[in-house]
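Student: Structure incoming, see below.
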């Protein structure tokens, strides 16, 4: 795995403030549809993950990667770890057929199909990971994956998600799933640490996928 240069590490809470401040001035129809804002959304995702990691696993700092052609979107480092930093790639999984560009061009109230997410969500996550495998990254076994689960799913079964996704252990260093209100590690390394099962974010609904 190549190491990015010129990384600026921040405490996750500070990185989250920075991302939120930048996002606040951008209309949603541009922020979520224009490719130039993708690094900003990745920064927001990395910061939220860092906040939860620091709260549950261990203190850490996070740096986003300024090199868009690099496999890693961000790096996480923690005091006392055996390696200088952990390279993460993040990506989003939505229900098939959903397109943000269409939502902003034709704004209307969204209906949430919690049952579909509960029964099909694991397959959507698996398809997202398979797409990453298909890219055949050099040194993928040292790359950590963070999947942002952006679909409604009432009572999403973590054990089922783990059963389906665990066979990817060894293909990537670790695999984490995060939604707007929970975070979990499907598999990880002893040095990086883990979150066993859905770990609720304070102040959010406790049911996985509840908006």
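The values are calculated or read from the model by the stated rules, or taken from the named source; none is laboratory data. Note that the structure is predicted; figures quoted are calculated from it, not measured. FYI the Cβ positions are ideal-geometry reconstructions off the backbone, even for glycines, and counts take in every protein chain you see.
Student: State whether the residues of region 40-63 include one that is touching a helix residue (DSSP H, G or I) at 6+ places or on another chain (Cβ under 8 Å), in a loop (DSSP other than H, G, I, E, B), more than 20 Å from residue 180 (Cβ to Cβ) and modelled with pLDDT of 80 or more.
Tutor: Yes, the conditions are met somewhere in region 40-63.
Student: Of the residues that sit in region 24-39 and are part of a helix (DSSP H, G or I) and touching a residue at least 40 places away in the same chain (Cβ under 8 Å), which one is surrounded by the most Cβ atoms within 10 Å (Cβ to Cβ)?
Tutor: 29
Student: I would also like to ask the following. Scan region 174-188 residue by residue and report those that are modelled with pLDDT of 95 or more and part of a loop (DSSP other than H, G, I, E, B).
Tutor: Answer for region 174-188, where residues must be modelled with pLDDT of 95 or more and part of a loop (DSSP other than H, G, I, E, B): just 188.
Student: Moving to a separate point now. Can you pull out the residues in region 121-168 that are out of contact with any helix residue (DSSP H, G or I) (no Cβ under 7 Å at 6 or more places or on another chain), at pLDDT 90 or above, within 19 Å of residue 90 (Cβ to Cβ) and surrounded by 15 or more Cβ atoms within 10 Å (Cβ to Cβ)?
Tutor: 124, 128, 132, 142, 143, 144
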